[in-house]
2 protein chains.
Amino acid sequence: MRARSEQLITAIVSGARSRRSRFREERITMAHGAGGKASQSLIEGLLLPALADEQLERLADAGTIELAGRLAALTSDSFVVKPISFPGGSIGTLAVNGTVNDLAVSGARPLAMTLSLILEEGLEASVLGEEIEAVARAARHAGVRVIAGDTKVVERGQADRMYICTSGLGLVDERCRASPSALQAGDLIAVSGPVGAHGTAVMLAREQFALEGDIESDTCSLWPAVDALLESAGGELHGMRDATRGGLASVLNELARASGVGVLVRERDVPVLEPVAGACELLGIDPMYVANEGVLAAFIAPAAAERALGALRSVPGCEQAALIGEVTAAEPGMVLVETSFGGRRVMDLLAGDPLPRIC
Amino acid sequence: MRARSEQLITAIVSGARSRRSRFREERITMAHGAGGKASQSLIEGLLLPALADEQLERLADAGTIELAGRLAALTSDSFVVKPISFPGGSIGTLAVNGTVNDLAVSGARPLAMTLSLILEEGLEASVLGEEIEAVARAARHAGVRVIAGDTKVVERGQADRMYICTSGLGLVDERCRASPSALQAGDLIAVSGPVGAHGTAVMLAREQFALEGDIESDTCSLWPAVDALLESAGGELHGMRDATRGGLASVLNELARASGVGVLVRERDVPVLEPVAGACELLGIDPMYVANEGVLAAFIAPAAAERALGALRSVPGCEQAALIGEVTAAEPGMVLVETSFGGRRVMDLLAGDPLPRIC
């Protein structure tokens, strides 16, 4: 459901290109956790019907609920990254930043989170200690409190060292009018930094490739970036989303579908760090589909776009933010890429999973 | 941390019998997830120092945070029960009721929850479908909305079919004055129903014992029971807690320690269903230490105790609620049992884990 059920549901309801997926498979495969078409069919075809038939509300990365007269956002996430540490971060860092970012791109200032541990029997206590320290550091850095927790232990061979499940609670910022279904033709699209670093760093750490160049995960809290966007663009910020599983390509597809609009991306304007581009080429993967853990895409009305870009670039870590394309009225639900050679091609959701367990 | 870190911390702070546990082991064992002394040492000796040193707040089953002028409770839980279904319930039922109950015994009316799935590659889609239906049914029954979710898939052999992680959000009821550290000498102790059924049902389902007698899990939402207690006893309800991992014995120990009081339990007054007592005898386990998923212990000022018991018994499923003992000033932090033969013995926290993975 991290595959963005919110806009999937919106799409179902609005009927924009609404060929609702059916779940026909007998067994769960790795692809169902990857954020592409298979994930979508699991969510739309199996999870949502069961819950929705019961009059339950939409499943979303951050659901909202009115609480004491204010709109609170509640999010939930599991982290199963393999290996648990990699250049630039570890499962503990990801757990905090991933949670905080789900709230942030929902326009909610993160306030509190919980930490649920599933530990494999035999895990080294020192490793657990390091990850809890990583959680503490990341939480302090993101300004979020860890206020509750849970610990379970399962037998050897019933987990892969450790999994971390979190929830996050925030209050939706009153400046925020953004929504996955509010994109408008003409909006300009910004990304907050270079794409593809996180997934590439994890992949290289896993596979022990002997590649040159230090590639570090981009994992960080996106609240400062969101805060800058809200302050500079206010109601002209129409949509935002962090480009996690499935990468920037998936996020653009999801929001195009949710809003019933088209998206045109200029490939040459999408920032990709040189070592990341090189590694992706060697690995045979497209950085547009590689997960990020500290990059968001924002959709801004043209009048406010340059101002918002300036504000974004003033946020530490977002110096390379860029405008990469625009929202169009043509081809609703479709993402087109203008390649460096001037041609155009469709950039669809992936069917399967090029990089499993990167978060 | 489901081993009740809240009162552990209170105990550390208050110094009541405060031999603060140290974590000296090199590796995590099954006992660290069982809710007894080993869990306590993991929480106190490893998890809390890392987080507390970083100025983070206490880890508790339900943490509280002020939100828009009201006190909100946020809880977190992971479910790794084995097998995933058993007489009277399944992992989906447990996930909802366990979450709702952590809020309820914190005095918070459950409002919303999230659902995070960790699925093992190869899981039958039909099994997943059944569990999502079970979640939907239990949530509807408990009056709680499922508002966000997440799905991860891990490779075959890296999980045991499926794990469910949840969070729950509620508002603390304004009638509630109960706290783990507020027990007073003279308080009477009530349990909301017979103890030991859940853990026994899971154990029998797992081991394929050919025992007579249908033993079903007690899993249910405890909010109606808490609501009845709050309504009947108000501020005279000094403490309450659901008797999950480690059973009634562990809960009594935890609260005795947190409040710096003694507890005296009359063994003959503790309700245990006849088939549960028989199965426990055969398995060589004490029902006082067996997990429940729909039983709470409440600590009530004497003047309100009979009224509260009457109110509790009027709640469907709590007809066998009983007063089982009292809080004493003697032996702070210690739980004594008056046996059926008239003798007294200490009922301590267990060091290890008689029944792993029952929730």
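Tabulated values for the structure
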{"item": "Test: A:Gly35 is modelled with pLDDT of 90 or more, more than 22 Å from B:Thr75 (Cα to Cα) and open to solvent by less than 20 Å² (accessible area, probe 1.4 Å)", "result": "no"}
{"item": "Conditions (1) part of a loop (DSSP other than H, G, I, E, B); (2) in contact with a Gly (Cβ under 7 Å, 6 or more places away or on another chain); (3) farther than 21 Å from A:Asp77 by Cα: number failed by A:Ala185", "result": "(2)"}
{"item": "Exclusive hit being basic (Lys, Arg) and touching a residue at least 12 places away in the same chain (Cβ under 8 Å), set B:Arg241, B:Arg345, B:Arg313", "result": "B:Arg241"}
{"item": "Test: residue in the range A:97-118 that is touching a Cys at 6+ places or on another chain (Cβ under 6 Å), farther than 24 Å from A:Ala297 by Cβ and either part of a helix (DSSP H, G or I) or outside the structural domain of A:Phe299 (by TED's automatic domain parsing) (or both)", "result": "yes"}
{"item": "Single condition A:Gly149 does not satisfy, out of (1) over 28 Å from A:Leu312 (Cα atoms); (2) in contact with a Gly (Cβ under 7 Å, 6 or more places away or on another chain)", "result": "(2)"}
{"item": "Residue, surrounded by the fewest Cβ atoms within 10 Å (Cβ to Cβ), within the range B:138-150, restricted to residues that are among the hydrophobic types (A, V, I, L, M, F, W, C) and within 7 Å of chain A (Cβ to nearest Cβ)", "result": "B:Ile147"}
{"item": "Failed item in (1) part of a loop (DSSP other than H, G, I, E, B); (2) facing another protein chain (nearest Cβ under 10 Å); (3) free of Cβ contacts under 8 Å to residues at least 60 places away in the same chain, with A:Glu174 passing the rest", "result": "(2)"}
{"item": "Criterion (in contact with an Asp or Glu (Cβ under 9 Å, 6 or more places away or on another chain), surrounded by fewer than 19 Cβ atoms within 10 Å (Cβ to Cβ) and under 30 Å from A:Val270 (Cα atoms)) met by exactly one of A:Ala185, A:Ala197", "result": "A:Ala185"}
{"item": "Verdict on A:Val153 being within 7 Å of chain B (Cβ to nearest Cβ), in a strand (DSSP E or B), open to solvent by less than 10 Å² (accessible area, probe 1.4 Å) and over 25 Å from B:Glu66 (Cα atoms)", "result": "yes"}
{"item": "Filtered residue count, the range B:122-133, keeping only those that are surrounded by fewer than 22 Cβ atoms within 10 Å (Cβ to Cβ), closer than 19 Å to B:Gly168 by Cα and more than 7 Å from chain A (Cβ to nearest Cβ)", "result": "0"}
{"item": "Qualifying residue in the range A:228-235 (condition: of a type in the set (S, T, N, Q) and within 20 Å of A:Ala279 (Cβ to Cβ))", "result": "no"}
{"item": "Some residue of the range B:68-87 being among the polar types (S, T, N, Q), within 26 Å of A:Leu67 (Cβ to Cβ), more than 9 Å from every other protein chain (Cβ to nearest Cβ) and open to solvent by 10 Å² or more (accessible area, probe 1.4 Å)", "result": "no"}
{"item": "Among (1) among the aliphatic types (A, V, I, L, M); (2) open to solvent by less than 10 Å² (accessible area, probe 1.4 Å); (3) more than 9 Å from chain A (Cβ to nearest Cβ), the one test that B:Leu119 misses", "result": "(3)"}
{"item": "Residue in the range B:324-334 that is in contact (Cβ under 8 Å) with a residue 40 or more places away in the chain, more than 28 Å from B:Ser90 (Cβ to Cβ) and in contact with a His (Cβ under 9 Å, 6 or more places away or on another chain) present", "result": "yes"}
{"item": "Any hit, the range A:6-14, residues being within 11 Å of chain B (Cβ to nearest Cβ) and modelled with pLDDT under 90", "result": "yes"}
{"item": "Yes/no for A:Gly92 being within 11 Å of chain B (Cβ to nearest Cβ) and at pLDDT 90 or above", "result": "yes"}
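The values are calculated or read from the model by the stated rules, or taken from the named source; none is laboratory data. Source: prediction; values computed, not measured. Methodologically, a virtual Cβ is constructed for each residue, glycine included, from the backbone with ideal geometry; neighbour enumeration extends over all protein chains shown. Ligands, DNA and RNA are stripped out before the accessible areas are found, and what is left, the full protein with its side chains, is counted by its heavy atoms. Shrake-Rupley method; radii C 1.70, N 1.55, O 1.52, S 1.80 Å.
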